[in-house]
Each structure stands twice: as structure tokens, then as C-alpha cells.
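Notes for the one structure printed next.
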Amino acid sequence: NNHRFSVDGPMSRTVFNGHSPLSDLRYTHVNSYVSANWNGFSDPETGIWSYTWCVGSRVGECDIVSRRNPHAHLLSSSAWTNSGLARNLRLADGTYYVTVQALNGAVYGGSLVTTVQHTTGLVVDTTPPVIHSVVFVSYNTSSQLLIFIVNASDAGSGVSTISYGLGRSSRDVAVQQWRSISLVDTGMYQVIATVPDGVMTWVRVQLGNQAGLVSTSSTSTSFSVDISPPSTGTVLDGRLSGQDIEYQSS
């Protein structure tokens, strides 16, 4: 009867992933450490005697980072940071959950404990998005409407941003610098772009995921715009090149 368990919800304001106070970190590409912070625990009778925290692969578990007191080295509670940091880890890509325990200062019968199991997971994603293909579809010289298709995926944290550019090769954006556009479920993008006449142009895309990792790719072939008519030449009579005859016998 001296232990109270609480499984929080999405709007909880007690336990948070990451080191930024009262802010829940949802995604990270760093797999060598994990941190947490908390707020709101109190005991008006005997006060908070100590905190412990841990990290697990499931809600409420401590199989990744064992339970520990982040303030054990401090002499006074006035120096407590209400946060914890576990370093030198090798976290596999996946989702991890923080649990925090608060123990009060009851002397007789042992401390009363409140455990909050945080249900908002921290996703570790160390791989950038995978761009399977970028395909040029069409370009309308009148409306300047460029259409291309992007086939990409990110199993870890999901694709969150996309930008496109136009280059004179598959490695630059000399024709048009990167421009951010909105993601679409179909993968078919329609944008207004100015393409110079007679310039071989590659469509380039840059995708970012929730963990802040970026991948870049381009179309495998280029396209060009030709809005100028053929130039007029000179018509010469006769079969001899460069000579214009005025008469022939037959």
C-alpha cells in the first residue's frame, strides 16, 4: 500500500523525454545517450526525499537504463535538477520509454512511492530517409508547371520535410536553389519553376525525417526546354553544296 503507479497520457505535464525542461523530445538521431526531466511531484507532509528514473523498451520497464538516483551525489535538494542523463549507450533504432519514481521522506514504515510511467516514447532513428526514385513527368513551358514523382520511405521516424531544386547536373542546384514544398501522400509533386531555354536540367529532391537526418537524390536523366523556333537558313538551287545555280539544261 505504500506504492502508487500512474500511467500518464499524451497531455501529461509531469515526465518529459530529453533535457529541455517541460518539453517532450519525440525523435532523435543520437543513440549514445538518453535523458529525461520531470516536474510537479510534491509531498506537503514530509517532502520529496529522492527521485529515481529509468528507461525501457516498453512502458514502465527498465531494461535499457536501470533505475538510478540522478541526485545521489548532491548534498542538498536545493541543487536538484529534476533531470537524468544516461551516457555511453548503444541504442538500437526504436522507441524508448521513461519512468520516474518519487519517494517521500516518511521515516517509519518506509517511504511512500509514486511512479509515473511515461507513455510518450522517444524514437531513436539513426538512418536518413530512403529515396527509391525521382522521376521527371512533364514540364509545361506556357504555365511553367513542373511535375515529378518521388518514391521514398523512412521506417524509423517518417519523412517530415521535402525540398526540390534544379541543377545542370545531378549534383548541383545551379538552375534553381532548394525550395521547400509540402509533402503529398501520392508522391506526385506539381510546382511552378522557371527552366532556362536549352539547358539540360536535372530535378533534385532533398528529404528530411523527424530525427533531423537528410537524404538527397535526383532524376536519373535530364530534360531540356526548347521555346525558340528553328532559325532560317539559305535555300540554294542545284545539287552542288554551297553553290546557287540560275540555269540548267535539263
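The values are calculated or read from the model by the stated rules, or taken from the named source; none is laboratory data. Keep in mind that what you see is a predicted model, and the values were worked out from it rather than measured. We place every Cβ from the backbone using ideal geometry, glycine too, and count neighbours over all the protein chains shown. Surface areas here come from the heavy atoms of the whole protein model, side chains and all, with no ligands, DNA or RNA. Shrake-Rupley method; radii C 1.70, N 1.55, O 1.52, S 1.80 Å.
List pairs: first in segment 71-95 and free of Cβ contacts under 8 Å to residues at least 24 places away in the same chain, second in a loop (DSSP other than H, G, I, E, B), Cβ under 6 Å, 6+ apart or cross-chain?
Cβ pairs passing all conditions: H71/W80.
Just to be sure before I move on: is W53 more than 24 Å from the chain's Cα centre (by Cα), hydrophobic (A, V, I, L, M, F, W, C) and closer than 30 Å to S160 by Cβ in the structure I sent?
On the way: more than 24 Å from the chain's Cα centre (by Cα): yes; hydrophobic (A, V, I, L, M, F, W, C): yes; closer than 30 Å to S160 by Cβ: yes.
When the stated conditions are applied, W53 passes them.
Being out of contact with any Ser or Thr (no Cβ under 6 Å at 6 or more places or on another chain), in contact (Cβ under 8 Å) with a residue 24 or more places away in the chain, open to solvent by less than 50 Å² (accessible area, probe 1.4 Å) and more than 30 Å from Y27 (Cα to Cα) is true for just one of L213, L146. Which residue is that? Walk me through how you get there before you give the answer.
Values: L213 fails: more than 30 Å from Y27 (Cα to Cα).
Criteria check complete, one pass: L146.
For segment 138-178, what are the residues that are small (G, A, S), in a loop (DSSP other than H, G, I, E, B) and closer than 17 Å to P196 by Cα? Step through it out loud before you land on a result.
Step one: list which residues in segment 138-178 are small (G, A, S), which gives 138, 142-143, 152-153, 155-158, 160, 163, 165, 167, 169-170, 174.
Next, from what is left, pick out any that are in a loop (DSSP other than H, G, I, E, B): 142-143, 155-158, 169-170, 174.
Scanning segment 138-178 gives S142, S143, S169, S170, A174.
Looking for whichever is within 22 Å of V34 (Cβ to Cβ), touching a strand residue (DSSP E or B) at 6+ places or on another chain (Cβ under 7 Å), in a strand (DSSP E or B) and of a type outside the set (S, T, N, Q) here; the options are V203, V123. Which one fits?
Details: V203 fails: within 22 Å of V34 (Cβ to Cβ).
Exactly one of V203, V123 is within 22 Å of V34 (Cβ to Cβ), touching a strand residue (DSSP E or B) at 6+ places or on another chain (Cβ under 7 Å), in a strand (DSSP E or B) and of a type outside the set (S, T, N, Q), namely V123.
Among residues belonging to segment 1-55 that are touching a residue at least 60 places away in the same chain (Cβ under 8 Å), among the aromatic types (F, W, Y) and surrounded by 17 or more Cβ atoms within 10 Å (Cβ to Cβ), point out the one that is farthest from Y96 (Cα to Cα).
F41
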